[in-house]
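Input: a single structure, listed below in structure tokens.
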Amino acid sequence: MKILSYLLVYRRFLLIVLTPLLLLPLPLIIKTKEAECAYTLFVVAIFWLTEALPLAVSALLPAFMFPLFGIMESKEVASAYFKDFHLLLIGVICLATSIEKWNFHRRVALRMVMLVGVNPAWLTLGFMVSCAFLSMWLSNTSAAAMVMPIVEAVAQQIIRAEAEADALEMSCSNGSINPALELDVIHLLNSVLRIHLNRISVYYNTYLCFSRHDNDVGSTVCTIEKENEKEKEQVLKNPPPAETGRKSREDKYSGIFKVMCLCVAYSATIGGLTTITGTSTNLIFAEHFNTRYPACQCINFGSWFILSIPITVIILLLSWVWLQWLFLGFDFKNMFKCGKKKTAREEASAQVIQEEYKKLGPISYPEIVTLVLFILMTLLWFTREPGFIPGWSSLFPKYKGYATDSTTALVIGLLFFIIPAKTFSRTSNGQNTVFGYTPLITWKEFQSCMPWEIAILVGGGFALADGCEVSNLSKWVASKLTPLGSLPLWLVILISCLIVTSVTEVASNPATITIFLPILSPLAEAIRVNPLFILIPATLCTSFAFRLPVATPANAIVFSYGHLTVMDMVKAGLGINIIGVAVVMLAIMTWIVPIFDLYTYPSWAPNISSTNST
């Protein structure tokens with residue numbers, strides 16, 4: 001037992017040591033560059049999936065393993081760790097830092113919830129829409145961490161309103177006792193009184209029996225006690241109507257709290273699908289695709305938004321319906337009631353939301369500047385190469401393809417370090433008060449928000465992809481995957497989606513997509529299918545980590561509030577996983593096809609002969 005306890009304590013250390021040693025025969029026996037690159041890939045992938053080492057530390061392994069194996073020079077590997085993706089990430093984080101610093105995200109979330117009303121179903125939808133909108137521009141973790149305290153405040157206010165409403169039901173508006181409730185109370189008191197009288201009778205009869213030396217003491221006591229127990233059971237089985245109503249309301253509002261919590265976790269993930277900058281998996285896909293297929297300029301902010309916004313909206317609405325049905329039942333009559341007076345609980349919800357919004361005060365100057373820069377960044381992203389009309393990049397015909405979405409992000413991001421956070425204010429005598437110059441964000445604040453681990457992780461993924469190309473490992477994989485071309489295309493896509501959806505539940509999303517992109521790209525080329533046909537669904541499904549609290553930081557944040565059990569999340573997450581994969585399959589077979597002409601093998605993809613072997 002002591003040995004097992006030691007093994008359990010040092011399991012991560014043993015995994016770090018044993019993984020390279022057990023895989024070492026691969027490069028020693030098969031002395032080819034493909035085998036050496038595969039060895040590096042397997043070691044890094046196992047460390048990423050198990051998180052034996054921090055993700056960023058594991059991502060640095062190719063930086064010294066590739067030069068030692070003679071696959072790539074150290075300078076070439078180093079250049080893979082900082083690419084256009086990192087510049088785009090820096091610009092987006094500048095915007096996110098300003099939004100969080102000046103509480104603009106909180107104002108947006110509260111305003112959206114106020115617009116949809118306080119009916120429980122609509123309130124849930126309001127939280128989902130606001131959290132999904134925020135996660136389009138912020139990280140999923142930040143969106144969930146911001147919205148969840150508001151949800152918790154509303155939930156606590158509903159609990160207080162529930163207690164007050166139960167107290168009010170004890171009396172009428174004029175202070176008299178409610179007749180219906182009075183009968184219930186009398187019924188309950190009579191039952192309790194009968195139980196206690198029976199118990200007194202037991203003690204009295206026992207005394208008489210002992211005083212008379214009665215031999216049937218035990219049987220007499222047992223008989224009366226059995227009658228007493230039957231009386232108790234009758235009271236418990238048939239409680240008064242008021243008690244039954246209170247219990248059913250408690251169950252109902254417990255379900256509402258679960259729905260409200262889950263809607264935050266899931267909408268934070270779903271909203272991130274919408275924009276290319278919404279989640280790290282989208283950014284990793286875009287950089288991998290543009291690096292592997294530089295002749296294709298079809299993946300940008302605008303094209304991704306057009307293909308993903310219907311997916312996001314459909315999954316969001318179906319998830320809302322699924323959560324409502326699973327925990328509350330889908331009551332159309334109460335959900336869509338109009339013109340009826342609000343209940344005490346709904347009034348309490350509206351009150352706490354309005355109070356939270358009033359605490360923010362009037363919109364401030366930094367919030368206005370942040371909003372303007374946010375709108376400007378979005379417009380510049382959309383209008384760079386919209387596709388149906390010439391974009392602003394056409395103003396530089398000599399430098400076509402030079403400016404990317406990262407160019408826009410950096411220009412706007414730089415402004416956050418320049419524009420002052422405070423303006424002059426006039427005193428009572430008309431003079432201007434001068435404040436010290438402070439920009440909207442500082443470098444320290446930016447550093448605290450910048451996900452350096454993700455930046456290094458993505459760099460490690462790019463280094464692995466480059467190593468697979470240089471060593472011809474990707475060509476070898478493509479030749480082995482060629483037989484899959486005999487399967488129906490929809491089945492190949494579905495299998496890819498199910499595999500990444502399963503893996504991402506136990507591994508981080510960035511690690512999962514980084515591992516699978518170099519595998520799926522050669523697969524598409526081997527079966528002569530437009531790579532986007534397989535890569536887009538796989539990228540979207542990598543974000544579908546809904547079933548476990550540890551699957552994503554957003555899930556963990558929501559679970560930590562204590563309203564959910566693991567089984568709640570497993571049941572709800574499984575349904576949303578199915579919904580997500582089904583909607584993605586529908587999208588890739590319908591409206592995404594004409595956007596990228598998916599049924600045509602593109603000229604920008606390499607022609608790989610099916611006879612190619614290594």
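Restricting L24, L53 to residues that are touching a Phe, Trp or Tyr at 6+ places or on another chain (Cβ under 8 Å) and either modelled with pLDDT of 90 or more or open to solvent by 60 Å² or more (accessible area, probe 1.4 Å) (or both) narrows the list to L24. Looking at this structure, is S98 of a type in the set (G, A, S), closer than 14 Å to V264 by Cβ and buried (at least 24 other Cβ atoms within 10 Å of the Cβ)? Considered against the rule, which asks whether it is of a type in the set (G, A, S), closer than 14 Å to V264 by Cβ and buried (at least 24 other Cβ atoms within 10 Å of the Cβ), S98 comes out as no. Select from region 1-34 the residues that are under 25 Å from G460 (Cβ atoms), among the aliphatic types (A, V, I, L, M) and more than 37 Å from the chain's Cα centre (by Cα) and list them in ascending order. Of everything in region 1-34, those that are under 25 Å from G460 (Cβ atoms), among the aliphatic types (A, V, I, L, M) and more than 37 Å from the chain's Cα centre (by Cα) turn out to be L24, L26, L28, I30. Among residues of region 395-424 that are among the acidic types (D, E), those with a beta-carbon under 8 Å from a residue that is open to solvent by less than 40 Å² (accessible area, probe 1.4 Å) at least six positions away or on a different chain give the pairs D405/L88; D405/I276; D405/T277; D405/N300; D405/F301; D405/W381; D405/R384. Being buried (at least 21 other Cβ atoms within 10 Å of the Cβ), among the hydrophobic types (A, V, I, L, M, F, W, C), without any contact (Cβ under 8 Å) to a residue 40 or more places away in the chain and touching a Leu at 6+ places or on another chain (Cβ under 8 Å) holds for only one residue in F42, F85, F104, F47, and it is F47. I71 passes every criterion in (1) over 30 Å from E505 (Cα atoms); (2) outside any loop (DSSP other than H, G, I, E, B) apart from (2).
Whether a residue is modelled with pLDDT of 85 or more, in contact with a helix residue (DSSP H, G or I) (Cβ under 7 Å, 6 or more places away or on another chain), open to solvent by 60 Å² or more (accessible area, probe 1.4 Å) and not basic (K, R) was assessed, and L60 passes this test. Taking each residue of region 471-500 that is more than 27 Å from L574 (Cβ to Cβ) and open to solvent by 20 Å² or more (accessible area, probe 1.4 Å) and looking for partners that are of a type in the set (D, E) and part of a helix (DSSP H, G or I) with beta-carbon atoms closer than 8 Å, six or more apart or interchain, yields N472/E34; W476/E34.
Which ones in region 514-526 are within 21 Å of I595 (Cβ to Cβ) and aliphatic (A, V, I, L, M)?
Filtering region 514-526 for residues within 21 Å of I595 (Cβ to Cβ) gives 517, 520-521, 524-525.
Within region 514-526, L517, L520, A524 qualify.
Among the residues of region 132-155, the ones that are at pLDDT 80 or above and polar (S, T, N, Q) come to 2 in all.
Considering only region 320-331, I want to know if a residue exists there that is modelled with pLDDT under 85, closer than 30 Å to I588 by Cβ and not polar (S, T, N, Q). Checked region 320-331: at least one residue is modelled with pLDDT under 85, closer than 30 Å to I588 by Cβ and not polar (S, T, N, Q).
Kindly indicate whether L15 is surrounded by 12 or more Cβ atoms within 10 Å (Cβ to Cβ), part of a loop (DSSP other than H, G, I, E, B) and without any contact (Cβ under 8 Å) to a residue 60 or more places away in the chain. It is false that L15 is surrounded by 12 or more Cβ atoms within 10 Å (Cβ to Cβ), part of a loop (DSSP other than H, G, I, E, B) and without any contact (Cβ under 8 Å) to a residue 60 or more places away in the chain.
Of the residues in region 68-80, how many are without any contact (Cβ under 8 Å) to a residue 24 or more places away in the chain and closer than 15 Å to F462 by Cα?
Just the residues of region 68-80 that are without any contact (Cβ under 8 Å) to a residue 24 or more places away in the chain, to begin with: 68, 73-75, 78-79.
Still in the running and closer than 15 Å to F462 by Cα: 73-75, 78-79.
Residues meeting the conditions: 5.
Beta carbons closer than 7 Å, at least 6 apart along the sequence or on distinct chains, pair a first residue in region 296-315 that is closer than 22 Å to T269 by Cβ with a second that is open to solvent by 20 Å² or more (accessible area, probe 1.4 Å) and small (G, A, S) for S303/G387. Note on region 501-596: enclosed helices (runs of 4 or more DSSP H) holding 1 or more residues that are among the small types (G, A, S), at pLDDT 90 or above and under 29 Å from S254 (Cβ atoms) are 566-589. Applying the condition of being under 27 Å from the mean Cα position of the chain (by Cα) and aromatic (F, W, Y) to region 275-298 and asking which residue is surrounded by the most Cβ atoms within 10 Å (Cβ to Cβ) yields F285.
Scoring A587 on the criteria (1) surrounded by 15 or more Cβ atoms within 10 Å (Cβ to Cβ); (2) under 20 Å from M148 (Cα atoms); (3) not hydroxyl-bearing (S, T, Y) leaves a single failure, condition (2).
Pairs meeting the criteria (first residue in region 261-289 and in contact (Cβ under 8 Å) with a residue 12 or more places away in the chain and outside any helix (DSSP H, G or I), second residue surrounded by fewer than 24 Cβ atoms within 10 Å (Cβ to Cβ) and of a type in the set (D, E, K, R), beta carbons under 9 Å, at least 6 apart or on different chains) are lacking.
Within region 537-558, being without any contact (Cβ under 8 Å) to a residue 60 or more places away in the chain and crowded, with 17+ Cβ neighbours inside 10 Å holds for P537, A538, C541, R547, P549, A551. Sub-6 Å Cβ pairs linking a first residue in region 27-38 that is farther than 18 Å from E73 by Cβ and touching a residue at least 12 places away in the same chain (Cβ under 8 Å) to a second residue that is among the aromatic types (F, W, Y) and open to solvent by 90 Å² or more (accessible area, probe 1.4 Å), at least 6 apart or interchain, are E34/W476, ordered by first then second residue. If M65 meets every condition in (1) part of a helix (DSSP H, G or I); (2) free of Cβ contacts under 8 Å to residues at least 12 places away in the same chain; (3) more than 17 Å from P510 (Cβ to Cβ); (4) not acidic (D, E) apart from one, which number is that one? The single condition M65 does not satisfy is (2).
The values are calculated or read from the model by the stated rules, or taken from the named source; none is laboratory data. Since the structure is predicted, the reported quantities are computational estimates derived from the model, not experimental observations. Ideal geometry is used to build each Cβ from the backbone, glycine not excepted, and the neighbour counts take in all protein chains shown. The area values use the complete protein model at the heavy-atom level, side chains included, leaving out ligands, DNA and RNA. Shrake-Rupley method; radii C 1.70, N 1.55, O 1.52, S 1.80 Å.
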